[in-house]
1. Do any helices (runs of 4 or more DSSP H) lying entirely in the stretch B:105-213 carry at least 3 residues that are closer than 30 Å to C:Val153 by Cα, and which ones are they?
2. Pick from the stretch C:154-173 the residues that are surrounded by 24 or more Cβ atoms within 10 Å (Cβ to Cβ) and under 28 Å from C:Val43 (Cα atoms): which of them is farthest from the other protein chains (Cβ to nearest Cβ)?
3. Taking the condition without any contact (Cβ under 8 Å) to a residue 40 or more places away in the chain and assigned to a helix (DSSP H, G or I), does A:Leu59 pass?
4. Here is a check on your reading of the model: is C:Gly50 over 15 Å from the mean Cα position of the chain (by Cα), more than 9 Å from chain A (Cβ to nearest Cβ) and either part of a helix (DSSP H, G or I) or over 19 Å from B:Val44 (Cα atoms) (or both)?
5. Give A:His97, A:His124 a once-over and let me know the one that is in contact (Cβ under 8 Å) with a residue 40 or more places away in the chain and surrounded by fewer than 24 Cβ atoms within 10 Å (Cβ to Cβ).
6. In the list C:Ala32, C:Ala81, C:Ala25, which residue meets the criterion of being touching a helix residue (DSSP H, G or I) at 6+ places or on another chain (Cβ under 6 Å) and either surrounded by fewer than 18 Cβ atoms within 10 Å (Cβ to Cβ) or within 14 Å of C:Ala136 (Cα to Cα) (or both)?
7. Among the residues of the stretch A:33-47, how many are within 7 Å of another protein chain (Cβ to nearest Cβ) and small (Gly, Ala, Ser)?
8. Report, ordered by the first and then the second residue, all pairs with beta carbons closer than 6 Å, sequence separation of six or more or different chains, a first member in the stretch C:70-94 that is under 10 Å from C:Ala30 (Cα atoms) and at the interface with another protein chain (Cβ under 10 Å from one of its Cβ atoms), and a second member that is in a helix (DSSP H, G or I) and not hydrophobic (A, V, I, L, M, F, W, C).
Amino acid sequence: VDPDTLERFIKLGHVVDLLGTFVAAGTGAAAAIRKELDLVGIVVLAFLAGTAGGIIRDLLIGAVPPAAMSSLNYLFLALTAAAITMPGYRQLGQPKHTVLIVDAAGLGFFAVAGTEKALVHGIHPVLAPALGVLTAIGGGIVRDILVNEIPVVFRDRSLYATAALAGAVVVAVGAWLQLRPVYGAILGGTLAFALRLGAIWLGWRLEFPNYQK
Amino acid sequence: VDPDTLERFIKLGHVVDLLGTFVAAGTGAAAAIRKELDLVGIVVLAFLAGTAGGIIRDLLIGAVPPAAMSSLNYLFLALTAAAITMPGYRQLGQPKHTVLIVDAAGLGFFAVAGTEKALVHGIHPVLAPALGVLTAIGGGIVRDILVNEIPVVFRDRSLYATAALAGAVVVAVGAWLQLRPVYGAILGGTLAFALRLGAIWLGWRLEFPNYQK
Amino acid sequence: VDPDTLERFIKLGHVVDLLGTFVAAGTGAAAAIRKELDLVGIVVLAFLAGTAGGIIRDLLIGAVPPAAMSSLNYLFLALTAAAITMPGYRQLGQPKHTVLIVDAAGLGFFAVAGTEKALVHGIHPVLAPALGVLTAIGGGIVRDILVNEIPVVFRDRSLYATAALAGAVVVAVGAWLQLRPVYGAILGGTLAFALRLGAIWLGWRLEFPNYQK
């Protein structure tokens, strides 16, 4: 791969990071509005839905202050997402395909970026993917707990955390094979994105017996 | 302002810190009793309602161990608040005005002290007020999640987090103008206190459209 | 006590650590199955029920990355516990006495090991036992919050956190008396274990007036 193409992929990564945070923040604002929270609740949930996964990851690997507290981008994205979601709430209805695709791209990006950051901070390659998955799903978990619901990522059998895990594992294997990080990130991110698109359009699910019954 | 007056304000700050923690711990003990928790639940909720905001702030800015783990004062205050709240629970009824005023003073103190501490630890002046607000409302959020309720600070439209934010922003602007920190703290703390008193006595609220309906 | 006996106690500690984590992870998997969570929920709850107490303790004392992220043992134990709990769920029914005894041993171990680690990291001897108790009960608290329930350790009046606290205090007093840590650990761990067995077999409870009524 020539350097220009790589450069373009890295820029793409930044765009996906911001878009993914923006969409996740929108889900936080929407959850808050659905529960009839006030403006404080809407803004806090937007911010945390967009950033809590990365914040918890950074606390766990000792990267303080967390990235979301070192740059104004995330606060700005959360406020913008809240400002757009509020008046648009009734029009929004079910998430549109555009939103789901951006969310899927964000899922892939957060999974690989979180895994890379964990590896850079010396986390064992077998455990680093767990931190990549945490980065991808942590915001949604915190959002759901704050509105007093069991996190949807633990209930919905759709490929979501599993898609993130597949992408994260590719990054860890790539690091173990001493590939350049950017290759692992592109491969892993694309895999997670593709699995998630399969879940959205083809209904791919992680089925397993119901042990409850 | 002469040094003696400043000195008195700083001492006042220490008193408000302890009184605010004490009242917040009492709300934790009361929530635990209302949910019929046992003695363990009452003590843990009293401690966390009084300290969790500052603890999370300290984790985020890398000030470990957190202040609440470095001094015995907070544990002592939590135990005392629990010991007073338990036998007094039925008599207490709705919070009395004295309690609300002390809580309002605590809100102002936590907001400005949290913002100052974030600034000292190098947090961006635009983000530092968010950590001040977290210091002021974090204990209540953790308390409500532990008794399985949506945090009241996200539902009640009364000025609370908003009052804290106003005070925190004054501190950050003061720092940006290179005022002496104690002036920003006095101004910001007084503003937050006054806004909260307005919410208690005059019913000031943060109204905005209900996007749910 | 001769060195060989001490050596055996230390090895026993490692075994109890792993067994305790394993049983706690099983309670996480069981809670997830009871709530009909999917495979992601089962694995995450198993891991966090086994490790969250120690993880939060390590964040609070600044020992990052936490022990559970530095060794593969805990992930392996969580996956194994989930794999055993899933097909066995219907057969398991009420926890058997074996499980309760292993859990009681784990409680004692986590309480004393958490207190020791806090002391080593310079936490005040009066506060270190709180971190020992957190180590012992934190996993169950996070498990219960994630399935949207008030933590059972705050509701059930059975000696559990209290047993852990008794053992943790012995360790702190031992350190204050400058005993060798291993003696305090053996004494404290045995006391917590015995109190918990008393709760299981003899129904020892921490009764106190119901202030709600």
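1. Working: elements: B:128-146, B:161-176, B:181-202.
Counting at least 3 such residues, we get B:128-146.
2. The extreme case among them is C:Ala164.
3. Working: without any contact (Cβ under 8 Å) to a residue 40 or more places away in the chain: yes; assigned to a helix (DSSP H, G or I): yes.
Yes, satisfied.
4. Numbers: over 15 Å from the mean Cα position of the chain (by Cα): no; more than 9 Å from chain A (Cβ to nearest Cβ): yes; either part of a helix (DSSP H, G or I) or over 19 Å from B:Val44 (Cα atoms) (or both): yes.
Here the answer is no, as C:Gly50 does not meet what is asked.
5. Details: A:His124 fails: in contact (Cβ under 8 Å) with a residue 40 or more places away in the chain.
One residue alone meets the criteria, A:His97.
6. Numbers: C:Ala32 fails: either surrounded by fewer than 18 Cβ atoms within 10 Å (Cβ to Cβ) or within 14 Å of C:Ala136 (Cα to Cα) (or both); C:Ala81 fails: either surrounded by fewer than 18 Cβ atoms within 10 Å (Cβ to Cβ) or within 14 Å of C:Ala136 (Cα to Cα) (or both).
Unique residue meeting the criteria: C:Ala25.
7. In the first step, residues of the stretch A:33-47 are kept if they are within 7 Å of another protein chain (Cβ to nearest Cβ); the result is A:33-41, A:44.
This time we only want the ones that are small (Gly, Ala, Ser), so: A:41.
Residues meeting the conditions: 1.
8. Here the result reads C:Thr85/C:Gly26, each pair linking the stretch C:70-94 to a residue that is in a helix (DSSP H, G or I) and not hydrophobic (A, V, I, L, M, F, W, C).
The values are calculated or read from the model by the stated rules, or taken from the named source; none is laboratory data. Not measured: the values here are computed from a predicted model. All Cβ positions, glycine included, derive from the backbone under ideal geometry; neighbour counts span all protein chains shown. Accessible surface areas use protein heavy atoms only, side chains included; no ligands, DNA or RNA. Shrake-Rupley method; radii C 1.70, N 1.55, O 1.52, S 1.80 Å.
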